[in-house]
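The values are calculated or read from the model by the stated rules, or taken from the named source; none is laboratory data. Small disclaimer: the values here were computed from a predicted structure and weren't measured. Counting neighbours? That spans all protein chains shown, and the Cβs are built from the backbone with ideal geometry, glycine included.
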Amino acid sequence: MAFPVTVLPELTTPVYSAVIDSGVLLKLTKHTSEAFPAPVCGLLLGLDANSVLQVTHAFPFPPSEGSGTSSSNDDASAPRSKANIRYQADMIRLLKEVNIEANPVGYYMSSYLGGFFSQALVDNLVALQAANPNSIVLVHDVTRSSQSSVSLKAYRLSAQFLATNKASGGKFSSEAVVKNNLTYLDILEELPISIKNSHLATALLQHLDSPAFTRKSDPTSFVSTSALAPNFDSLDLSIDPYLEKNVEFLLESVDDYYAEQGTFNYFQRQLAREQSKIQQWIQKTRSENALRERANLPTVSEDDWQKHFKVPTEPSRLDNLLISAQINQYCNQIEEYSSVASSKLFAIQNGLDIHN
Amino acid sequence: MSYGSFLHLSKPASMMTAHASSTPTPLNIIIHPQSLFSILDHTLRRNEGQERVIGTLLGQRSEDGTEIEIRSAFAVPHIESAAQVEIDMEYHKTMYNLYHKANPKEILVGWYATSLELNAFSALIQNFYSSVSDGTYPYPAVHLTMQANPSSDISIKTYISTNVGVLPDKISESCLFVPVPNELRYSESERSGLELVASAKNNENRDTSIISDIASLEKSVEEVIAMLERVSAYVSSVQDGTTPGNVAIGKFLVANLSLAPKIDADELEKLFNSHLQDILLVVYLSNTIKTQMELFNGLKRTAVIS
């Protein structure tokens, strides 16, 4: 599984923020909102230089074959499927001919109401960051963007996460997690994003805003239909559908959490039982050895318990971490949304009180 | 683009007369802003010495062919000199296939060029794009020209073409480009993206960052307040007699202001409180869950260490 590596991992300087070209933003939002509610992703191309990651181009991955039934996982892991790697290599080759940087710097994905913490995300990022440590994932939340400003976040796996991954070989045992100080809050680190327009794009935007371009669809109405007329959807008062969905997902995640907790507890009980059995066996052999020594018979080593008993393996803590991070994400979303909704409510009450 | 009047010429009978009568001519072209940004991006990246660059337009056609939507564009390398023009057709075909795999709904609708002039080369390219083999046959290909010169305004013009025969051996080089009206359209979610991008247009260094929900709410409220202030200034100046009043505007204002709902004070109290309680309940719940997660996390760590 090889990504076109154009930069040696050891030689990269870390980046601390991401600059995204306006064209990329528009392409991204168009692709994710068209495919809504199916999860889709695509690749980002650009440059990392001067401790800033510049994303200059992006293209979507084709939807996986046989999509429709159980392929939500396939689409999420699209950056790593074989067909898509070929597609990506072809695309990059062609784009190079028109002077577009052929350097993958990450991938973008759509998310439905913030539910993007999954095994697929982790695997994708691990693979990408192995090729280029400055790779990011841009998560675009389509449901939130349709209500208010664009909800786009850039994430990258934190150093602690990668260290834990390497130390425990992907298994995430409890000791590795504690030793590397990895909590569920530290799985992903967020990068600040800024959107940059080229000079020509700025000229185009100025032109779109000018009165010459404003087209009055109906001579008797005074509503201008300029492309850049302000959007007042964010002043809408209804909260129920959004909040309801959020709470629903939150409760589902809590259920998942308890299910996972249950498996871990089961493992712990099993481990305790095995340990006690092993202890008993060791005691028995010790007393037997004492008898055998007196009878000058070969003794049985106490370490032989490994041949008789199998210690259950500890399940990976990764699921637990991911689910906790997901729950945290939903809670944060609810809080952010409530702050906006409650300010609107108080404003309305104030406004209507004046009339009364 | 100044919205003047358009003289719409019907497509004269062309060489492919058998089918010409059934292919409708597009009456309106809708452009998605994302394609314009792609074209501009390509202009910026052109090689040294290239005056104009060309590329392919992809999009959708409406059922009856009268509306064409341009959704995306990609660049095609080409070499142009005074004597001849060369387009990499292989590139166009491969790229189109790749693009089509990712977006099965988008098909070839035309091509673009970044200079306003229409010369013999444009005719050649137009004929290639309208050709039978892998062009837009039997529909006419749309040609979009965009003036991307930094010294003048950006203007976008769209055309369809017909053959105009002067000499039979030069038919492939002659074209009559008929202008077609175009408009810019976008979906709801694209709109917020476009707004965000546009908020940077007045900044010194042409960039802006993603703003939080609260900040965008503040911006909207400020805009509404500014609008209200403008309207009230106008109304008071009409009352003073400094500005002649306009009956149409007055009626429009009265109609809109009467839309404010009249609610009983008690009813309002109740609605407001129940709404607020819903929100607060959910916020307390989410805070409790977060606290519990933190506790669990802390307990687990101590359990492992001890």
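Of note:
- Entry remark, region A:305-321: residues being within 13 Å of another protein chain (Cβ to nearest Cβ) and farther than 30 Å from residue A:280 by Cβ number 2 in total.
- Within region A:89-180, helices (runs of 4 or more DSSP H) holding 1 or more residues that are more than 14 Å from every other protein chain (Cβ to nearest Cβ) and of a type in the set (D, E, K, R): A:119-131, A:159-167
- Matching residues, region A:276-316, being surrounded by fewer than 11 Cβ atoms within 10 Å (Cβ to Cβ), of a type in the set (D, E, K, R) and touching a residue at least 12 places away in the same chain (Cβ under 8 Å): A:310
- Condition broken by residue A:93, with the remaining ones in (1) under 20 Å from residue A:136 (Cα atoms); (2) at pLDDT 85 or above; (3) out of contact with any Phe, Trp or Tyr (no Cβ under 9 Å at 6 or more places or on another chain); (4) not hydrophobic (A, V, I, L, M, F, W, C) satisfied: (1)
- Selection within region A:286-315 - assigned to a helix (DSSP H, G or I), among the hydrophobic types (A, V, I, L, M, F, W, C) and at pLDDT 75 or above: A:290, A:291
- When B:196, B:184 are checked against the criterion of being at pLDDT 75 or above, within 24 Å of residue A:31 (Cα to Cα), under 22 Å from the mean Cα position of the chain (by Cα) and at the interface with chain A (Cβ under 7 Å from one of its Cβ atoms), a single residue qualifies: B:184.
- When we screen B:220, B:209, B:216 for residues that are at the interface with another protein chain (Cβ under 10 Å from one of its Cβ atoms), polar (S, T, N, Q) and under 21 Å from residue A:349 (Cβ atoms), the only hit is B:220.
- For first residues located in region B:180-198 and over 20 Å from residue A:200 (Cβ atoms), partners that are at pLDDT below 70 and part of a helix (DSSP H, G or I) and lie 6+ apart or on another chain with Cβ distances below 8 Å form the pairs B:188/A:233; B:189/A:145; B:192/A:145.
- In region A:264-285, the condition of being of a type in the set (Gly, Ala, Ser), at negative phi and modelled with pLDDT of 85 or more is met by at least one residue.
- Candidate set: region A:181-195, residues that are assigned to a loop (DSSP other than H, G, I, E, B) and within 7 Å of chain B (Cβ to nearest Cβ); chosen: the one surrounded by the fewest Cβ atoms within 10 Å (Cβ to Cβ): A:192
- Inter-residue pairs, beta-carbon under 7 Å, first in a helix (DSSP H, G or I) and in region A:196-208, second charged (D, E, K, R), 6+ apart: A:202/B:201; A:202/B:206; A:205/B:201; A:206/B:201; A:207/B:153
- Consider region A:244-260 and keep the residues that are among the acidic types (Asp, Glu) and surrounded by 12 or more Cβ atoms within 10 Å (Cβ to Cβ). The one that is farthest from residue B:283 (Cα to Cα) is A:260.
- Given (1) out of contact with any Asp or Glu (no Cβ under 8 Å at 6 or more places or on another chain); (2) modelled with pLDDT of 80 or more; (3) over 23 Å from residue B:178 (Cα atoms), index of the condition residue B:77 fails: (1)
Here is a yes/no grid of residues against (1) modelled with pLDDT of 80 or more; (2) away from chain B (no Cβ under 14 Å); (3) touching a Gly at 6+ places or on another chain (Cβ under 8 Å):
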| residue | (1), (2), (3) |
| --- | --- |
| A:1 | no, yes, no |
| A:13 | no, yes, no |
| A:26 | yes, no, yes |
| A:41 | yes, no, no |
| A:45 | yes, no, no |
| A:50 | no, yes, no |
| A:65 | no, no, no |
| A:68 | no, no, no |
| A:73 | no, yes, no |
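- Qualifying residue in region A:225-241 (condition: more than 9 Å from every other protein chain (Cβ to nearest Cβ), at pLDDT 85 or above and either closer than 30 Å to residue B:249 by Cβ or surrounded by 14 or more Cβ atoms within 10 Å (Cβ to Cβ) (or both)): no
- Residue in region A:327-340 that is in contact with a helix residue (DSSP H, G or I) (Cβ under 9 Å, 6 or more places away or on another chain), more than 16 Å from residue A:114 (Cα to Cα) and charged (D, E, K, R) present: no
- The residues on offer are B:224, B:282, B:254, and the sole one that is in a helix (DSSP H, G or I), exposed (fewer than 10 other Cβ atoms within 10 Å of the Cβ) and of a type in the set (A, V, I, L, M) is B:254.
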